[in-house]
Amino acid sequence: PLAQVGVIGLAVMGSNLARNFASHGHTVAVYNRTVAKTEAFDTEFGSTGTFIAAPTLEEFVAALERPRKVIIMVQAGKGTDAVIEQLRPLLEEGDIVVDGGNAHYEDTRRREAALRGVGLHFVGAGISGGEEGALHGPSIMPGGSRESYAALGPLLEDISAKVDGEPCCAYMGTDGAGHFVKMVHNGIEYADMQFIAEAYDLLSAAGLTAAEIAEVFREWNAGDLDSYLIEITAEVLDQVDAATGRPLVELIQDAAEQKGTGRWTVQIALELGVPVNTIAESVFARSTSGHAGLREAGRGALTGPDRTITVADRAAFVDNVRAALWSAKVVAYAQGLDQISTAARTYDWDVDLSEVARIWRGGCIIRARLLHRIRDEFAGAQLPTLLAAPSVAAELAESQDAWRGVVGVATTAGVPVPGFSAALAYYDTVRAERLPAALVQGLRDFFGAHTYQRTDRAGTFHTLWSGDRSEVDLIDA
Ligand code: NBP
């Protein structure tokens, strides 16, 4: 019998996806460039499902039923291009090539256009959830032609995570839409983690031990903040180093690394002109943490408060930090979704934000209770921003005193909270009646004759700053 689906690339992600398909009763063809890995896969997992272990790409392609569905899970970039090049002459019109790796959406757009030109469907599918997700049910964000989703969608939905019986997989839009949504997912993940780290830092500064903070996170996980990242924060904080008996977190080097999807999110946000300051601050916080020389110089040269937060009522402080964390998180999700809808307008993708929130509820790293609410808020409503959803605005109104208080206390104590304060600055900026951007425009007109618009009448104006300082309307002139 032929295979319903094939997986190319048998490193951890590809192996686990192939096993996931097999455990759902599908026959899976597998292929890896290094044949020894295919053989090792067959030896280890061959008996756990129906696999066709193909030593060559030709045999792999011949093992697939038509239209062929090929999922590429190799190293993003050159690896993906190399596999596509080798596959292309072996496939036939209507076959579907899926890239499940962490591709840049511009690469996906390029590959989709090239394969469409030769009658093949190319699907860029964002897959989140790491190794465990790939094996037991990831969140899957496929982009490509609608026609290909009709054939491929049921297979992907089958192996995806399920929440309330619904698959965490949905059609995201044409060409790069799926990989774009996955990229923003990762950007939001950066912000989520930065906020969690700031909450930990503040509670530490207030005198709580790692074990006590773990307990706080466990309590938070029973409420509004319920999410995978909050849940695993408690576990990481609880981990005790066997050799020293100290909390492991206190022994881990404080330099955060990154693989690049957060940086992409910010780079593209700059190009699209979408303010995602919480995500940007999270990327910068990681890079600042890794600047050993800068930090050494700063420690040597700069003075300030000693990071001690004295709290009279510990429970009240803990609850204020919770409110700050929740509020900042809502802002980060609002910014990420804003970036997706801006990209959708730019690239003509038909992205449904309610569906995005729905498929992020399970399987992926940012799965959270909040996403149920975001799904509901966007269902059937054209919101210009998540923050404008009545229930969200009302809750932010309630939590903001605590949020402002926490940012104030942190600032006074010298505890950096770039994420919490960026979120608050965004909140206050977008709700402002009037912004000092007016003065910026005046300055730009002064030194560069860049012109300005007026609030009281139409036109494009310039003041003759170096002349008699009269104003001219350039449209009239
Ligand atoms: P890796 O990213 O480590 O890639 C290893 C695989 O790529 C091996 O199968 C290797 O074959 C193959 N490969 C390479 Br490298 N160059 C190739 C080429 N020129 N032609 C054919 N095959 C080539 O694997 P991974 O960690 O399983 O990740 C796969 C994809 O999934 C990546 O895009 C990754 O970003 C993405 N992803 C990973 C995670 C995660 O948690 N790891 C999560 C979500 C997404 P070989 O055996 O012959 O060297």
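When Val74 is tested against (1) open to solvent by less than 60 Å² (accessible area, probe 1.4 Å); (2) more than 15 Å from the ligand (Cβ to nearest atom); (3) in contact (Cβ under 8 Å) with a residue 12 or more places away in the chain, only condition (2) is not met. Evaluate the following for Pro55: is it assigned to a loop (DSSP other than H, G, I, E, B) and within 16 Å of the ligand (Cβ to nearest atom)? When the stated conditions are applied, Pro55 passes them.
Name the residue that is surrounded by the most Cβ atoms within 10 Å (Cβ to Cβ), counting only residues in region 383-410 that are part of a helix (DSSP H, G or I) and under 21 Å from the mean Cα position of the chain (by Cα).
Looking only at region 383-410, we keep the residues that are part of a helix (DSSP H, G or I), and these are 386-388, 390-410.
Remaining after also requiring under 21 Å from the mean Cα position of the chain (by Cα): 386-387, 392.
Numbers: Leu386: 23, Leu387: 19, Val392: 21.
Across region 383-410, the extreme among qualifying residues is Leu386.
Pairing each residue of region 434-457 that is open to solvent by less than 60 Å² (accessible area, probe 1.4 Å) with any residue that is at pLDDT below 95, provided the two are 6+ apart or on different chains, yields C-beta distances under 7 Å for Thr451/Leu474. Scan region 1-21 for residues that are open to solvent by 10 Å² or more (accessible area, probe 1.4 Å) and more than 10 Å from the ligand (Cβ to nearest atom) and the total you get is 4.
When the residues of region 85-100 are filtered to those that are within 11 Å of the ligand (Cβ to nearest atom) and in a helix (DSSP H, G or I), which remaining residue is least open to solvent (accessible area, probe 1.4 Å)?
Start the filter on region 85-100 by keeping residues that are within 11 Å of the ligand (Cβ to nearest atom), which leaves 85-87, 99-100.
Restricting the remaining residues to those that are in a helix (DSSP H, G or I) gives 85-87.
Values: Glu85: 104, Gln86: 98, Leu87: 2 Å².
Of everything passing the filter in region 85-100, Leu87 is least open to solvent (accessible area, probe 1.4 Å).
Taking the listed residues Arg263, Arg314, the one that is within 16 Å of the ligand (Cβ to nearest atom) and in contact (Cβ under 8 Å) with a residue 12 or more places away in the chain is Arg263, with no other qualifying.
From Ala103, Ala82, which residue is near the ligand (Cβ under 9 Å from one of its atoms) and in a loop (DSSP other than H, G, I, E, B)? Please lay out each step first, then the result.
Details: Ala82 fails: in a loop (DSSP other than H, G, I, E, B).
When all the criteria are applied, what remains is Ala103.
When you check Gly46 against the structure, is it at positive phi, more than 10 Å from the ligand (Cβ to nearest atom) and surrounded by fewer than 23 Cβ atoms within 10 Å (Cβ to Cβ), yes or no? Criteria not met by Gly46. When the residues of region 141-173 are narrowed to those that are among the aliphatic types (A, V, I, L, M) and outside any helix (DSSP H, G or I), which ends up farthest from Arg66 (Cα to Cα)? Looking at residues that are among the aliphatic types (A, V, I, L, M) and outside any helix (DSSP H, G or I), I get Val163.
Hey, could you check region 109-143 for residues that are in contact with a Gly (Cβ under 8 Å, 6 or more places away or on another chain) and of a type in the set (D, E, K, R) and say which is nearest to the ligand (Cβ to nearest atom)? Only one residue fits best here, namely Arg111.
Could you tell me how many of the residues in region 247-302 are among the small types (Gly, Ala, Ser), open to solvent by less than 40 Å² (accessible area, probe 1.4 Å) and closer than 18 Å to Asp192 by Cβ?
Residues of region 247-302 among the small types (Gly, Ala, Ser): 255-256, 260, 262, 269, 273, 280, 282, 285, 287, 289-290, 292-293, 297-298, 300-301.
Imposing the further condition that a residue be open to solvent by less than 40 Å² (accessible area, probe 1.4 Å) reduces the set to 260, 262, 269, 280, 282, 285, 289, 298.
Narrowing further to those that are closer than 18 Å to Asp192 by Cβ: 260, 262, 269, 280, 282, 285, 289.
Here the count works out to 7.
Annotation note: of Gly362, Gly380, Gly419, Gly336, the sole residue that is touching a residue at least 24 places away in the same chain (Cβ under 8 Å) and open to solvent by 30 Å² or more (accessible area, probe 1.4 Å) is Gly380.
The values are calculated or read from the model by the stated rules, or taken from the named source; none is laboratory data. All figures in this text were calculated on a predicted structure; none of them were measured in a lab. Heads up, the Cβs are rebuilt from the backbone with ideal geometry, glycines too, and the neighbour counts pull from every protein chain shown. For accessibility, only protein heavy atoms count, side chains too; no ligands or nucleic acids. Shrake-Rupley method; radii C 1.70, N 1.55, O 1.52, S 1.80 Å.
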